[in-house]
Structures are given as C-alpha cells and as structure tokens.
C-alpha cells in the first residue's frame, strides 16, 4: 500500500487523465463517421478514459491497481496499437515478406503483445508482490511493441502525411515511452516507484492537446479508414482470444486461491480444458465462416474484399493438377462459405442431338449420378435467365421463378442450397449445385452478381481445358494421318517404279540386263513393302540411329532408280564416310531427291551425285540439268507440305526430307535456275567416332 497523500495525488492524476480523454472522446462519438480513422480513435480514447477512471478509483481506495485496472490497461494498449496499425494503411515494405505480409517491426510488436497476453493468462499480474520478473517483462514488452508501431506509422509516411500525424505519434509514443520507463525502473529495483506511478496519469493527460491538434489535421491523413477484411478477421479472432484467456485466467486464479489443497490441480485442469475449447472454436470452419460474415455485415458497406476474393478465386482455379472440376466447385463454394457441391457439364450428342448435362466433378458433397437433359425446364431456365436458383426460396416463393418445376433429383439433393449457372456467352456450359452454407448468408444483389461472374470465369477455365483436350486428340489424329500420308507417298513411288518396269517389259523382256534390273527392282520393292508393314505394325517403336556407311546408302537409293532415265551417276570424292542415322529413312530421303531430279530432267540430260567431306560434315550433292525452279517457288512452295507441281504428286517428299535432315542435325540447301537445272546439297554431321580417330591419326 502507498501513503494516503500519495494515493490522493495518484487519484487526482488518473482522474485528470480520465476527464481529458473523456472530453476528447465526446466529439468523436458524435461525429466519428465523418472523420478519418474515427472508429478506432474513438475506441482508444474511450478505453484510455476508462483506464484512468479505474486507476483513480483504485488510488482512492489506497491501492496502486486492481484486476479491473490491469484489464483496462491491456485494453488501452491494444486500442492504441490497433489505431497505429490502421494508421499504417496498406503500405508494404519490399523485401520483407513475413506471414500475412507483416513487416519485421510489426512482427516484433505482435510477439510483444503475445507475451503480455501470456502473462495475463498465467495470472501473474500482482506487481505488489514482485515475486516473478515475468509480469514486469510483459508490461515492458507492451510498451516496446507500441513504440515500434509509432516508429513504423511515422517513418512510412510522406512529408505531407507526417505533418498531419506527427503530434498524435508524439502523444502515443510519449505514453508508451513513459510506460517503458516506469516498468523498466521496476525491473531494475524490484518494486514500482510510487512517485513515478502517481505522475503517470498527468503525463497521459498532457497528450490530449497533441491528439486534439492532430484531429484538426485528420483530413490530411493518408486515407479514410481502410482495414482489410483479413486483418480485421485475424484482429477480431486475436482480440476475442485475448478476452477469453483473460476471463479463463482470472477464473483459474480464483480456483487456485479458493481450492485449498486441490487448488493447483483444479487450476491446471481448468486452464487445459479452456485451451482445448479455444482451439476447437478457432479451428472450426463454422465459427470462421460466421465471423467472416459478421465482420463483412457490420463493419463494411460491401460484403466482399473483391481484390482478395478474386485473387483467391483465380489462384484456386490456376493450381496445377487434373482435377479442375473440383477446383472450380471449391472456388465458387468459398465465395458463400459452402462446404461442398457437385458440377454438371454439357456433353454433346444423343439420339435427338440436344445433348445432356452429366456429373463431371464432386467436391466434399454427395455424388448424385443423374443426367439432366439439355432441353429440360431447369436447363432452359438457367440459360434464358442466367439466374442463381435458391432451392429454399423456390419452395416458399415459386412465383419469383416463373413457375419453374425442379427435377425430382434436385429436390432430394442432400442439403442442396444454390444452383449456380456456368455461362459461356449466352450458352449454358454447365451448373454447380452447392450445399447449405456453414453460416447463414443473405442472398442480396452483391452475392448473386459475384456468383454470376464467378460462374462465367469458372466456365471459361473448364472450356479451355476441354479445348486443350480436344486439341491433344486432334494432334494425335494429325500424327496418325501424317504417317498415313507418308506411307501412301512411299507406295506411290513403288507403284511408279513397278509401272515403268511393266511398261518396258514388252519391249525389253528378252534383254538380259533388263531382266536383271527387273528382278532387282522387284526384290527391292518387296523388301521395302515388308519394312513398311513392320513399321505399321509397331507404330510406337522408334528406330535407333546407328552409324551408316553413306556410300552404301547412296548406292542402294540409286539402285532403286535403275529403271528410270537418265540414269544417275555417282562420284565418290571421299570414301569411307559414315553418318549416324536410321538406314531406311535416310535411304528414302536420298531416294526421293534422286527421283525428283530424274523426273525433272529430260532423257538426254544428266543427274550427277557427288559424295565428299566438308570439314566436320558430309555432303551429298544431287545435281541435274533439268527445267529448274524459280527463287519464288523455292521460297514459298518447295518446302510447303501438300504443294506439288506434279499431277500425281502429294507434295510431302521434300518436306519430309528436310524435316529428317534437320532431325539428324544437318541441313538441306537448294540452288536452282530455270531451264538450267537444280542442285540439292544434303549436309550431315560426320560420325564423331570416325572424326576423333582421324584426329588421333
């Protein structure tokens, strides 16, 4: 206990502070809606006035503090800290991303307050005994946290904004600084100095004029009150938890005090049960949903933070994985706190060609395996009106839905609540049936409009996935058709060779050379068709490239053209050259280029094939004296598939040749002049092992 005179001084001191902040709160209470940061500033002034009154009453009774004054001090510090957080606005310091976007100083301040709340929960607030350093440490932590918030609020403002808030920052900083001085002094000397304690009320009262001056400049503060819903949600949860812990801590203290020998056991058991109950409430989806709805309904003019909701919505839809349907249900359901639902998606076809809507995905809801015809009353209503259907409202007020008759399966859907249409333009792409929300939500125009837009966005994602799947199937068919085209092309070449041989048989059938060429041509054609059949029977098996003697491959390709005129001539400048390739495909490529040269050259002309080394590459040059090609034809049509100047040509031979040569790491060059001939140069990498051996030699 303190002396009578000192307690009287303390009573007047804290009473003076209570009157000052009460006077400051009156104009705020009458006009807080018209002022920037009005609600939080009003709360802080009222809390400080009540705190001063509680301490003045305690001093009048000859005590320094009571349980009520301790609780009011926590409330006062929390209210001013909340005001500073709001004053910070939505500034985010780059390079310091802590959980929830909190900056380091805010994080430290939060830790300080958690320490203080922990001390309150433990029931160690009796500073008169000072048998533990923890209570004083907790109060010092609160003061340090407040000073950190003041520093952040002032430092992160522009020069104009600092002019407006400097006095309020000075006032709040002064209150927290004096608390720091008071309690750090108590930590050092293991007791609270009564004089410093008594002067504390007057010191706090002196800050009232500074706050009043800043209130006159309130229009120049950074912005009107704008606290994000997430910050409000976490603040409300933290504040509620603090009040709960204070109440439970007080109850535990009295259980220990009056429980005798069982007091400690009863206190520990009670506090553990209270913690379990708090954890159960905080982790309850129903409670979280109720709190979000309550905050949006009573603190904001709009029910949603659209930026945050849309970021969460698109983030949910954009997550990787194949279950896009489930993610679409989850994204739409989260907007109205629905615990689950099912998606129906349009499928074309049917005997009548109308199609139907079939179950496509399910998220945490009952699976109903029912198809809804595309021309049913439900689907026609959704497509024509694009309305969100409230299954409860359609029962009580059917006139709002123009006499719509729901299908039986939808009437019996477990906990069915909303039917959200997924629109693509003016067409119904699908619909989602949602279960009843965890917390009651009024379906006003804002909620319905948000569901409409979300349904259209989800429909676009689902349609994009369908288009991607259809494109993948189309590419598979394209690959198959392309392979079939190459097969037909090879068959055409074989038919041309056999037809030419058959046409010359009547004239040269008694010629031994012709007979030998004929047998060789037939044998090669049969061999080529056999290889073709083998590849068709194992389409997915790829031939592995192997070192091939290039001269042998070229001669084999020339032998297949032996029945044509003019006969190609081979010049081997460098022998023994090898390349890494699939023999049959390389032979087909070279054979096609030789065939084109022969067909473009008159019988009296010439086709010459040269084989030589060019540095670290091999060059096969196929030159003819035929009709040639223009630069425009080479540039725009030669390598374009399905473009051909031949009446029976398919226009894929040169295209396939260039594709395979590029695949081998080589290149195909063309030079030509009309009426003077064409030269194709096939340049392929020399087999590296051969090149290394030559370097070693």
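Is the range 416-434 home to any residue that is part of a loop (DSSP other than H, G, I, E, B), crowded, with 18+ Cβ neighbours inside 10 Å and touching a strand residue (DSSP E or B) at 6+ places or on another chain (Cβ under 6 Å)? Taking every residue of the range 416-434 in turn, none turns out to be part of a loop (DSSP other than H, G, I, E, B), crowded, with 18+ Cβ neighbours inside 10 Å and touching a strand residue (DSSP E or B) at 6+ places or on another chain (Cβ under 6 Å).
If the condition is being more than 20 Å from residue 325 (Cβ to Cβ) and surrounded by 17 or more Cβ atoms within 10 Å (Cβ to Cβ), then the range 446-462 contributes 447, 450. Scanning the range 386-399 for residues that are surrounded by 13 or more Cβ atoms within 10 Å (Cβ to Cβ) and farther than 21 Å from residue 336 by Cα turns up just one, 398. Considering the range 46-63, and only residues there that are surrounded by fewer than 24 Cβ atoms within 10 Å (Cβ to Cβ), touching a residue at least 60 places away in the same chain (Cβ under 8 Å) and in contact with a helix residue (DSSP H, G or I) (Cβ under 6 Å, 6 or more places away or on another chain), the residue that is farthest from residue 200 (Cα to Cα) turns out to be 62. Part of a helix (DSSP H, G or I) and touching a residue at least 60 places away in the same chain (Cβ under 8 Å): does that describe residue 182? It is false that residue 182 is part of a helix (DSSP H, G or I) and touching a residue at least 60 places away in the same chain (Cβ under 8 Å). Based on this model, can you work out whether residue 477 counts as out of contact with any strand residue (DSSP E or B) (no Cβ under 7 Å at 6 or more places or on another chain), assigned to a helix (DSSP H, G or I), closer than 30 Å to residue 319 by Cα and modelled with pLDDT under 70? Yes, satisfied. For the range 564-623, filtered to residues that are in a loop (DSSP other than H, G, I, E, B) and under 54 Å from the mean Cα position of the chain (by Cα), the residue that is farthest from residue 677 (Cα to Cα) is 582. Among the residues making up the range 154-192, those that are more than 21 Å from residue 73 (Cα to Cα) and modelled with pLDDT of 80 or more are 154, 165, 166, 167. Scanning the range 339-358 for residues that are at pLDDT 85 or above and either within 16 Å of the chain's Cα centre (by Cα) or part of a loop (DSSP other than H, G, I, E, B) (or both) returns 339, 340. Count, please, the residues in the range 309-338 that happen to be in a helix (DSSP H, G or I) and in contact with a strand residue (DSSP E or B) (Cβ under 7 Å, 6 or more places away or on another chain). Total satisfying the criteria: 7. Of everything in the range 565-579, what is touching a strand residue (DSSP E or B) at 6+ places or on another chain (Cβ under 9 Å) and either closer than 21 Å to residue 626 by Cα or surrounded by fewer than 18 Cβ atoms within 10 Å (Cβ to Cβ) (or both)? Give them in sequence order. Hits for the range 565-579 are 566, 567, 568, 569, 570, 571, 572, 573, 574, 575, 576.
The values are calculated or read from the model by the stated rules, or taken from the named source; none is laboratory data. In this text the structure is predicted, and so the values were computed from the model without any measurement. Here the Cβ is made from the backbone with ideal geometry for all residues, glycine too, and neighbour counts use every protein chain on show.
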